[in-house]
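The values are calculated or read from the model by the stated rules, or taken from the named source; none is laboratory data. Just so it is clear, the structure is predicted and the values come from calculations on it, not from any experiment. Note that we place each Cβ from the backbone using ideal geometry, even for glycine, and neighbour counts take in every protein chain shown. With ligands, DNA and RNA removed, areas are computed over all heavy atoms of the protein, side chains included. Shrake-Rupley method; radii C 1.70, N 1.55, O 1.52, S 1.80 Å.
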Amino acid sequence: MHKKNILLVSCVFPPEPVVSATLSYDLATYLADEHHVIVLSPPPTRPAGYDFSNVQEKKETSFVHIEMQSYTSSASKVLPRFKESYDFGKKVAQYISDNKNKIDLLYMNTWPLASQYLIAKTCLQFNIPYIIHVQDIYPESLTNKLAIGKRLIQKLLLPFDRLVLSRAKKVITISKGMQSYLLTTRGLNEIHVSVVFNWQKVSKPTIPVVKNEKFTFMFLGSLSPSAQIESIISSFGAIANRSSQLIIAGSGSEESKLKELAKTYPNADISFIKASADKVADLQAKADVLVLSLRNGVGKLALPSKLVAYMFSKKPILAIVEKDCDIEKIIENADCGWVVEQDNNDKIQSVIKEIIESEIELLLEKGKNVYSFYQENLTKKINLKKLADYIIK
C-alpha cells in the first residue's frame, strides 16, 4: 500500500478526557501503522475546570503531534467560543499553506463553523481532499438555543456549513438520524455520507448492583441547558418516594440552578456529587437505572457520548427525549430501558414509579440487553476500523 501523508486536525486531544479526544488519538495511532500522520490540536482545555497541571508527560507515539498555540475558551460562551474556533482554524489554515506539498489527505474533527470553513477553504485552494467528521450539527445546535433571531442567523450561517460538507471527499456522522438530517437539509448524496458510532476509552464493564439500600436513579454527565435535567428532578421530586434516590453526578453551568430546584422537593432524596473521568465506572456501578435527558430539538441533531458510557455499564436506561430520535430507536430496538417524551412530567412520573416497582430480574435482563447492543455496535474494534477505511478508501 502506498503510504499517504495524512494531516489529522482535532479540536480536542489527549490529555483531554473527552470522547472526541480519545477517538482522534486512536485514529491517529491506527493510521500511523501504514501512513505518515501528523496531528494538529489546540492547547488542552476540555472539560471546563479540569486541571491539566498534573498531567503526565506525553507517551512516545507513532505519529507527530503538534500543539497549535491558538486562543482557547473552555467556558461555553458564544463570542469566546467563536474566537476559539476562528483562531484555531486560521492557524491550521496557515500550516496547510506552508506544507501544502506534504499533505495527501486531511481529516478534521474540529469546531464548527469558523474552524471547519477556514480549513476546508484552504484545502480547496490547494486541491487537498478532506474528510469531515460531524459530531454536532451547526448552525442548528446554536440557533435552537436562541429565543429570537433563529431563522435569520440560521439563514446566514447555513451556506457555510453546506459548502464545507458538499465539497468534502467524505462526510462522517455519528448516528443514522444525523445522516438522514444532513441528506435532507444539505442536499448531499447518500453515498457521500457515512455513519460511524463513537467509542470511548473503557477498561472493564461495571458490575450490576443487585440491590441498593435505596433504589437509585443516576444522571451522570454535564449539567448543561441542553440536558434539561429539570424534568428529571421535578418528576422524581413530585413522587417523593423515600425508598428511592436520585443522584446527579457531574458539573456544569446549570449546577446552582438545579440544586435550588431540588431544594423545593424536601421529601425527595436528591443529591449532587462530582464525577471525575476516572470515577465514571465506579459511579455508574452504584446505579440501578441510569437516566439520560435531552431538551427537545437536541436529540435529532446529536447522539450524546454518555449513551455509550451508559451502555458499557450494563445498566438499564431511562431516556427522557423527543420522539423519533436515535436514542429512542436504539433503546427500544435493544429492549434495554424506557423512553419517555420530554415535557410530559405526568408520564415521566408514571414511568419512574413503574421502574421502582419492577422486579430485579427485569432490570438485570435490560442491563444484559444494553451490553449486548454495545458489544455488537459500539466497540472501538468495530468502529475504529470502519472509520479508518472510510478515510483511506
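A few notes on this one:
- Of the chymotrypsin sites (Phe, Trp or Tyr not before Pro) found in the range 268-347, not one falls in a DSSP loop while having at most 11 other beta-carbon atoms within 10 Å.
- Over the range 337-393, the alpha carbon radius of gyration divided by the compact-protein estimate 2.2 N^0.38 Å works out to 1.73.
- Built amide H within the under 5 Å cut-off of V339, gap 5+: A319
- At full extension, N333 and I382 could sit 15.7 nm farther apart than now, given 0.36 nm per residue minus the alpha carbon distance.
- R0 of 45 Å, Cβ-Cβ distance N99-Q375: FRET efficiency to nearest 0.05: 0.65
- Cα-only Debye scattering, the range 70-228: base-10 log of I(q)/I(0) at q = 0.12, 0.19 Å⁻¹: -0.65, -1.31
- Residue by residue, the range 272-277 carries 3J(HN,Hα) couplings of 10, 9, 7, 9, 6, 4 Hz when phi is fed to the Karplus relation 6.51 cos²θ - 1.76 cosθ + 1.60 (θ = phi - 60°); x denotes Gly or Pro.
- Coarse-grained scattering of the range 61-120 at q = 0.15, 0.20, 0.23, 0.24 Å⁻¹, given as base-10 log I(q)/I(0) from a Debye sum over alpha-carbon atoms: -0.48, -0.79, -0.98, -1.04
- A dipole drawn for the chain from +1 and -1 charges on Cβ atoms has a positive end, and of S256, S222, L31 the residue lying farthest that way is L31.
- Degrees between helix 78-98 axis and first principal axis of the chain (Cα, 0 to 90, nearest 10): 30
- For the range 1-132, the fraction of alpha-carbon pairs lying more than 24 Å apart is 26 percent, rounded to a whole number.
- Model label sites at E34 and S166, defined 7 Å from Cα along the beta-carbon direction, differ in position by 3.3 nm.
- For the range 3-67, the percent of C-alpha pairs falling in each 5 Å distance bin, counted from 0 to the bin holding the largest distance, reads 4, 18, 29, 25, 14, 6, 3, 1, 0.
- Helix 380-392 and the long axis of the chain differ in direction by around 30°, with both axes built from C-alpha atoms.
- Rounded to the nearest Hz, the phi-derived 3J(HN,Hα) couplings of the range 37-54 under the Karplus curve 6.51 cos²θ - 1.76 cosθ + 1.60 (θ = phi - 60°) are 10, 10, 10, 10, 8, x, x, x, 9, 9, x, 4, x, 6, 8, 9, 5, 9, where x marks glycine and proline.
- Taking a straight line from the alpha carbon of K393, these aspartates and glutamates sit under 17 Å away, with near neighbours fewer than eight places off in the same chain left out: D33, E34, D104, E190.
- Over 20 Å apart at the Cα level, from the set K306/K380; K257/K353; K257/K329; K59/K170; K274/K306; K201/K314, are K257/K353; K257/K329; K59/K170.
- Förster radius 41 Å - calculated FRET efficiency between F82 and T264, Cβ distance, rounded to 0.05: 0.70
- Per-residue accessible area (protein heavy atoms, 1.4 Å probe) orders E359, E60 as E60, E359, starting from the largest.
- Kirkwood Rh (inverse of mean 1/r, distinct Cα pairs), the range 290-345, angstrom: 11.1
- Based on the Kirkwood approach, the hydrodynamic radius assigned to the chain is 22.0 Å, with every pair of different Cα atoms included.
- A crude spin-label estimate for the pair S358 and S256, with each label 7 Å from Cα along the Cβ direction, gives 3.7 nm.
- Most mobile of K368, K201, K102 in a GNM of the chain (Cα contacts under 10 Å): K102
- The angle separating the long axis of helix 360-377 from the principal Cα axis of greatest extent in the chain is about 10 degrees.
- The heavy atoms of D278 offer some 120 square angstrom of accessible surface to a 1.4 angstrom probe.
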